[in-house]
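All remarks here apply to the structure that follows.
The values are calculated or read from the model by the stated rules, or taken from the named source; none is laboratory data. As the structure is a prediction and not an experimental result, all values here were calculated from the model. Every residue, glycine among them, receives a Cβ derived from its backbone with ideal geometry; neighbour counts consider all protein chains shown. Surface areas here come from the heavy atoms of the whole protein model, side chains and all, with no ligands, DNA or RNA. Shrake-Rupley method; radii C 1.70, N 1.55, O 1.52, S 1.80 Å.
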Amino acid sequence: HRHLPTHHDMSLDELKAGFFYSNGAYGRTWGVRQLAEIATDAETGEKVVHFKGIAGTCRRKKGHCSPAEFARWAKYQVALQENDWKRVGGDAPPAESQAA
């Protein structure tokens, strides 16, 4: 059976430096992170994602993780529009209708 696209993990080629992503959660656990850069670890050759927390539970936090971990965390890309974080692309309902 088909999985609904809302539940898919982001694919690694959807992760791009400088863009903003949300974990798609509701209420207090909701967060937005900016993908600051995708670097390559000099010792292991593994890719490392550096991110900055922008809003919600991630606000003012910084961190890094593997691209796979970031892709698991990030449900979709968002952009700030008129002081509101809106999902980019997809056919999600507007944020206002999701307010709990």
Task: Under-5 Å amide H pairs with VAL88, H placed in peptide plane, nonlocal only - done: GLN77, VAL78, ALA79
Task: Viscosity 1.567 mPa s, temperature 4 °C, Stokes-Einstein D of region 5-46 from Kirkwood C-alpha radius, µm²/s - done: 105 µm²/s
TODO: Note down the net charge around GLY63, summing +1 for each Lys or Arg and -1 for each Asp or Glu among other residues with Cβ under 11 Å from its Cβ.
DONE: +3
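Give the residue list of chymotrypsin sites (Phe, Trp or Tyr not before Pro) in region 46-75 that are DSSP loop and have at most 15 other beta-carbon atoms within 10 angstrom. Please list the in-between numbers first.
On the way: sites: PHE51, PHE70, TRP73; in loops: none.
Passing sites in region 46-75 do not exist.
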Task: Accessible-area value, SER11, 1.4 Å probe, nucleic acids and ligands omitted, Å² - done: 50 Å²
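Pairs of alpha-carbon atoms within less than 8 angstrom and 6+ residues apart define the contacts here; what relative contact order does region 14-68 have, in percent?
29 percent.
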